[in-house]
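See structure below.
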Amino acid sequence: MNRSDLQIHSELTAKELRSLEELQIAVWQYPDREVVPADLMIALQRVGALIATASEGAEPIGFVLGLPTTDSKHQHSHMLGVRPDRRRQGVGLALKRYQAAWCLARGITKISWTFDPLRLANAKLNLHQLGAIGTAYLPDFYGEMGGINSGIPSDRLWVEWRPGEPRERAELQAIPVWDESWPPRPDLGLSAALLKLALPGDLEELRAEDLPRLEIWQSALRAAMVHYLASGYTVWDLGEEPSYLLRRS
């Protein structure tokens, strides 16, 4: 993709918002009942939500939906989606940067959202490229879901991003929370400044080929993150192995 061809804009027409219904189905394979309908997006946009699309020509290839909160300096980013054939081409990153600029122009200094921590491509964007920080682990946050999220509990990591604020990288030696034995059993008695949750290389392959094994990894992540985030740690970055790096506040 030629990045110069990518156009991002907000303040969408009713027709443009209607096209996002089909885009949601393409991105998440949602059943109709889980799609955010255009009439709701029209109302949300009217009361201060950000809805922006990325497009190459007439058809949108990605979008972001950010909701106002009770704190005027805080926006919650409910959805970010990119059409499957346009992923890993910088579209999601461009949408998040647009969202940051939109928010900062309106005095909004914090953006929060959730993502599935089993999806490591999302973790790389959110934690490593953008510099968001995971502050809470939410077991089965959305309840039973359909489409690409079906089959296991909808656990989510809650992250917060303050665009424009520099964030140093963790340079300390990370202590592993579990060893290489199977199944992974987290050590919940650690107190090092930096902890490491090492993961297998391709969790998406497990989602397609070995769902019971993925459930075991989800249970181990849940146990470790719930405990350590409640004990004063934050999810600080994604390591290269891959692994999650948890830093003690």
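Computed from the coordinates by the stated procedures, all read-outs in this text should not be read as laboratory data. Keep in mind the model is a prediction, meaning the values are calculated, not measured. Here the Cβ positions follow ideal geometry from the backbone for every residue, glycine too, while neighbour counts run over all protein chains shown.
Things to note:
- On Cα atoms only, tilt of 91-105 relative to the major axis of the chain in degrees: 70 degrees
- Under 14 Å from the Cα of residue 15 - aspartates and glutamates, other chains or at least 8 residues apart: 39, 59
- Relative contact order, percent, the stretch 62-153 [alpha-carbon distance under 8 Å, six or more residues apart]: 22 percent
- Neighbour-limited loop hits for chymotrypsin sites (Phe, Trp or Tyr not before Pro), the stretch 136-179 (at most 14 other Cβ within 10 Å; DSSP other than H, G, I, E, B): 142
- A viscosity of 0.890 mPa s and a temperature of 25 °C, combined with the Kirkwood radius over C-alpha pairs in the Stokes-Einstein formula, give the chain a diffusion coefficient of 129 µm²/s.
- Neighbourhood net charge (15 Å Cβ-Cβ; Lys/Arg +1, Asp/Glu -1) for residue 60: -3
- Hits among aspartates and glutamates - C-alpha to C-alpha of residue 110 under 12 Å, sequence gap 8 or more where chains match: 71, 160, 165
- Taking the helices alone, the chain has a mean residue ellipticity at 222 nm of -8500 deg cm²/dmol, built from -39,500 (n - 2.57) per DSSP H run of at least 4 residues and averaged over all its residues.
- The chain: most fluctuating residue of 57, 131, 146 per GNM, C-alpha cutoff 10 Å: 57
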